[in-house]
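Below is one structure, written out as structure tokens, with a few remarks after it.
Just so it is clear, none of the values below were taken in a lab; they were calculated from the coordinates. The shown structure was predicted, so the numbers you read here are calculated from the model rather than taken from an experiment. All Cβ positions, glycine included, derive from the backbone under ideal geometry; neighbour counts span all protein chains shown.
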Amino acid sequence: MTETLLEISDLTVTYERGSTVDTALAEVGLSLRRGSVTAVIGESGSGKSTLAHAVVRLLPDNGAITRGTVVLDGEDVLRRTEREFRPLRGRHVGFVPQDPIASLNPTKSIGAQVKESFALAGSSLSARQVEERVAGDLRDLGFSDPEALLRSYPHELSGGMRQRVLVAIAFSQRPQLVIADEPTSALDVLVGQDVLRRLHALRAKHGTTVLLITHDLALASRNADDVVVLQRGRIVESGPIAEVFADPQHTYTRSLLASSARLVAGRVLDVGEAYRRFARAEPADVATVDPVIELAGVARTFRAGGREVVAVRDLSLTVPRGATFALVGESGSGKTTTSRIILGLERADRGSVRVFGNDVVGLGRGGMKALRRRMQVVYQSPFESLNPRLSLREIVAEPLDAYRVGSRQERRARVVELLDRVQLPPSYAERRPRELSGGQRQRVAIARALALEPELLVLDEPVSALDATIQAQVLTLLTELQRDLGLTYFLVTHDLGVVADVASQVAVMRRGRLVEHGSTAEVVLRPKHDYTQALLAV
Amino acid sequence: MTATAVRPAETLTPSEPPEARGPRRRLRELHVHLALLAALVAIALLPSLIATHDPLALDGRPFTAPGGTYWFGTDEIGRDLYSRVVHGLQISFLSAALAVLVALVLGALVGVLSGLRPGGVLDRVLSVLTEAVMAIPAVLLALAAITAYGRGAYIAAVAIGVAEATGFARLVRGLMLQSQSLVFVEAARTCGTSPFRVLVRHVIPTVYHPVLSYTAMHFGLAMLAIGSLSYLGFGEAPPSPEWGVLISGGQKYLVHAWWVALIPGIALTAVVVLLNRIANLLQEGRS
């Protein structure tokens, strides 16, 4: 046995898109030491997922490996035909996908799907041995009752449980190599942390080599031994992660590291430290003169098909003028419902919702329209919130048209002014969203939200769909806009890093209730509730 | 690892799969089909341009076989079959167009109104009405209309259109519901755009595709339905050259003068296949 398990050299992958051929990976070479964890980092479009898929030869139909070798355990697996390659998947290479929801068959029990992986890999184990191994693995992964789990169906499991099942499947054949493609990015932070911890335990137990694809530098730094930095399909830097992060050589690596406020000199800061170093918001007065939003005893329950889901229960909070108020929570905590109640898109079952002193619940159509002029929203995904058929001019002018602000010429001039405000050149006015990057699109969404000169912006996860370097730029822009225009921000997020960066006040929500709130300094530096402490420790 | 790993010179993945070049070919095929459809529309609007004879004049010997003067032959009383088929296209095509237009306008109106507030009073009333009309076969409705207003392809067409409107209403309502979950539709509403403007500017341009495809398919079905009614003696009446009439008139002579029934039959089949193919191409182009 040699020291190296996987040796990739000169790997080039292209995608055919219409009449053009894009190179997704160019002459990539890397080698994985047996038993090590290697992180592949890079922003979206850097080719990291293509790399993962090329190794297991699961590229989409328009993708082709045009050059290179992938030598697994001494054999160039690319020279095998598809038919000869198939048994390698599972038996020698396990794969943990990004999306645990799309990756399990909803019509089959978990047991059937786990056992299927043994059949597909042509396992020679007896039924009894299979059962024993599966039960043991599932226990290692933290399932106390494997038998009950095997009888259940995917819809009965949470995202974290599904992902742990997929980890069990990936490890079931004791492969030498496991490729994990963004294994936690679809999960809540605490859940993701738990999945990774258990994956590590299994890996250590069986001496498995892991290729970890991720955009999260902090996660890479805590989980990997080596790192490979990809930029536009090329490896710009690689080596032991501690060395690379402590002393990055390439400018791209440096800019990546600089964008992650929580990585300093190769070390991950906790949120509190990051806050002390980087917080941009002035500690705001909690004394509430002239509050912008007042919620008192707000509750909302959803009923569907005889089931009741309590999204928000007895929520009270006050957002002072000029503050950046962050509502933090994991998925299902009720934070999005709360923001939709404030926007008047969802009604509250109980309680009072006052925005600028107006009771949103009793407001008629005309009143709501007047209120919306002062309160605008920026959505999470700029890929979905901009109509792909319209030009940027039409998108940004839409609120101006809706409220018939000024003459035609004035509106045109205003669009240019707004684009300039979000640092986009006027020539972009005639472009369509697809010609823009994610960060540029989010700037357009912000320009649209600013068109009516609102006093309050509801920011629903405004940067979580963006790459790290872009996140920092958009947050800087938001901070500048707030300072120049005197805006109040109601920020909904799951990311405490963002909170530490820009928020003046924080409220932590869990299962529809507020567990803690106060100034950012108080909550981040001296958390009182266990849940807040757990979130901060991630 | 082996130091002697040989680098293969050729592309490792076998030649690209056929789907990779699919979209472009599909678009070309769609263009060809649409050009054919445009030619049919031109003929339907101005049949006398390409007809060689008067479709009603008895100017030939009965049962002349297809040939130089009478391209498709003549019928039992010596009328030129080619000119009759060409003029018949006008009736078949335009009556089917009327049926589809009625179905589309009525169905879209009902669908949009019920999709504006799903689960509201209007939605529930319209849904019950739609379901009630759906329970009546289109042909029965057409027979009722003919009984009340007299024979004719255009009367039958309006009745068929009303019956088919239910399908359009369902489809449009579904698309309306689907569009409510689009983030940019909600974004438009939260920045103050009126519901009507959201509909025209954001919803319709985004979801019209399936409606287009459904329209093309129902165009063909309406042609068949109107032809069937005429064939059974409820639509157009002889001496009209409507295709259903031509087929039913010619079938008695099928053994010794096959062309009289068969050529209009082939024409009807070809046009319906063309419309169905367009419907399919539009549907596939979407996905």
Asserting the computed 222 nm helical MRE of the protein assembly as shown (DSSP H runs at least 4 long, -39500 (n - 2.57) per run, divided by residue count, to nearest 500) equals -15000 deg cm²/dmol
Once both label points are put 7 Å beyond Cα along the C-beta direction, the B:Ile266-B:Ile50 separation in nm becomes 1.5 nm
Can you bin the stretch B:136-229 into rounded, prolate or oblate? Criterion: square roots of the alpha carbon gyration tensor eigenvalues sorted a ≥ b ≥ c, rounded for a/c under 1.5, prolate for a/b above b/c, oblate for the rest.
prolate
Give me, ordered by chain and number, the residues 5 or more places off B:Asp80 or on other chains with an amide H under 5 Å from its own placed amide H.
B:Asp59
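Can you give the longest stretch of chain B with no exposed loop site, where a site means GluC sites (Glu not before Pro) in a DSSP loop (not H, G, I, E or B) with at most 16 other C-beta atoms within 10 Å?
Details: sites that count: B:Glu10, B:Glu76.
The reported range is B:77-287.
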Equivalent ellipsoid dimensions for the stretch B:94-286 as semi-axes, Å, which come from the Cα gyration tensor, largest first:
39, 19, 11
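Give me a single rounded figure for A:443-456: the average over its residues of other chain Cβ atoms within 10 Å of their Cβ.
Mean partner-chain Cβ count within 10 Å for A:443-456: 1.
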Quick one: length gained pulling A:Leu120 to A:Arg431 fully straight, 0.36 nm per residue minus the C-alpha distance?
107.1 nm
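Taking the protein assembly as shown on its own, what percent of its Cα-Cα pair distances exceed 51 Å? Each step should come with its number before you reach the end.
Numbers: 114157 of 339900 pairs.
When all Cα pairs of the protein assembly as shown are counted, 34 percent exceed 51 Å.
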Quick one: what are the phi-derived ³J(HN,Hα) couplings along the stretch A:331-337, Karplus 6.51/-1.76/1.60 with θ = phi - 60°, whole Hz, x for glycine and proline?
5, x, 7, x, 5, 5, 4
Relative to chain A, whose Cα atoms define the longest principal axis, helix A:365-374 and its Cα axis are tilted in degrees, nearest 10, by 80 degrees
Give the distance, in whole Å, between the Cα centre of the stretch A:461-486 and the Cα centre of the stretch A:27-49.
29 Å
Theoretical FRET efficiency, 1/(1+(r/R0)^6), r = Cβ-Cβ of A:Ser185 and A:Asp290, R0 41 Å, to 0.05:
0.55
In degrees rounded to 10, the 0-90 angle between helix B:22-45 Cα long axis and the longest Cα principal axis of chain B is 30 degrees
Under a Cβ-only charge scheme (Lys and Arg +1, Asp and Glu -1), can you give me the dipole magnitude of the protein assembly as shown about the Cα centre, in debye to the nearest 20?
980 debye
Euclidean distance of C-alpha centroids, the stretch B:154-168 and the stretch B:234-287, integer Å:
19 Å
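What length, rounded to one decimal in nm, is gained on full extension from A:Gln423 through to A:Ala370, with 0.36 nm per residue of separation minus their alpha-carbon distance? Can you show the working numbers first?
Numbers: separation 53, 0.36 × 53 = 19.08 nm, distance 2.85 nm.
In short, 16.2 nm is gained.
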About its Cα centre, how strong a charge dipole does the stretch A:4-268 have in debye, to the nearest 20, once Lys and Arg get +1 and Asp and Glu get -1 at the Cβ?
400 debye
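Nearest 0.05, what FRET efficiency do B:Val121 and A:Ile101 give at R0 = 35 Å with Cβ-Cβ as r? Walk me through the numbers before you get to the answer.
On the way: r = 36 Å, r/R0 = 1.04.
E between B:Val121 and A:Ile101, to the nearest 0.05, is 0.45.
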As an exercise, use a Förster radius of 51 Å and the Cβ-Cβ distance of B:Val128 and A:Ala242 to find the FRET efficiency, rounded to the nearest 0.05.
0.15
Enter the angle in degrees (range 0 to 90, nearest 10) between the Cα long axis of helix A:408-421 and the first principal axis of the Cα atoms of chain A, meaning the one along which they spread out most.
50 degrees
Subtracting the Cα-Cα distance from 0.36 nm times the residue separation, let me have the gained length for A:Ala112 to A:Asp314 in nm, one decimal.
68.4 nm
Choose one of A:Ala445, A:Ala468, B:Ile77: the residue whose Cα lies farthest towards the positive end of the charge dipole of the protein assembly as shown (beta-carbon charges +1 Lys, Arg; -1 Asp, Glu; about the Cα centre).
B:Ile77
Of the residues A:Ser31, A:Leu58, A:Gly47, the Cα lying farthest along the dipole of the stretch A:9-84 towards its positive end, which is defined by charges on the beta carbon of Lys, Arg, Asp and Glu, belongs to A:Ser31
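Based on the alpha-carbon gyration tensor of the stretch A:4-268, what equivalent-ellipsoid semi-axes (square roots of 5 times the eigenvalues) come out, in whole Å, largest first?
Values: eigenvalues 180, 102, 58 Å².
Each semi-axis is the square root of five times an eigenvalue, giving 30, 23, 17 Å.
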Rounded to one decimal in nm, the spacing of the 7 Å Cα→Cβ label points at A:Thr4 and B:Tyr149 is 8.1 nm
Going 7 Å from the Cα of A:Ser144 in the Cα-to-Cβ direction, what parts of the stretch A:163-183 have a backbone nitrogen less than 20 Å from that spot?
A:163-165
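If I take every Cα pair under 8 Å that is 6 or more residues apart in chain B, average their sequence separation and divide by the length, what percent do I get for the relative contact order? Kindly include the intermediate steps, with their values, before the conclusion.
Numbers: 396 pairs, mean separation 58.0, N = 287.
Relative contact order of chain B: 20 percent.
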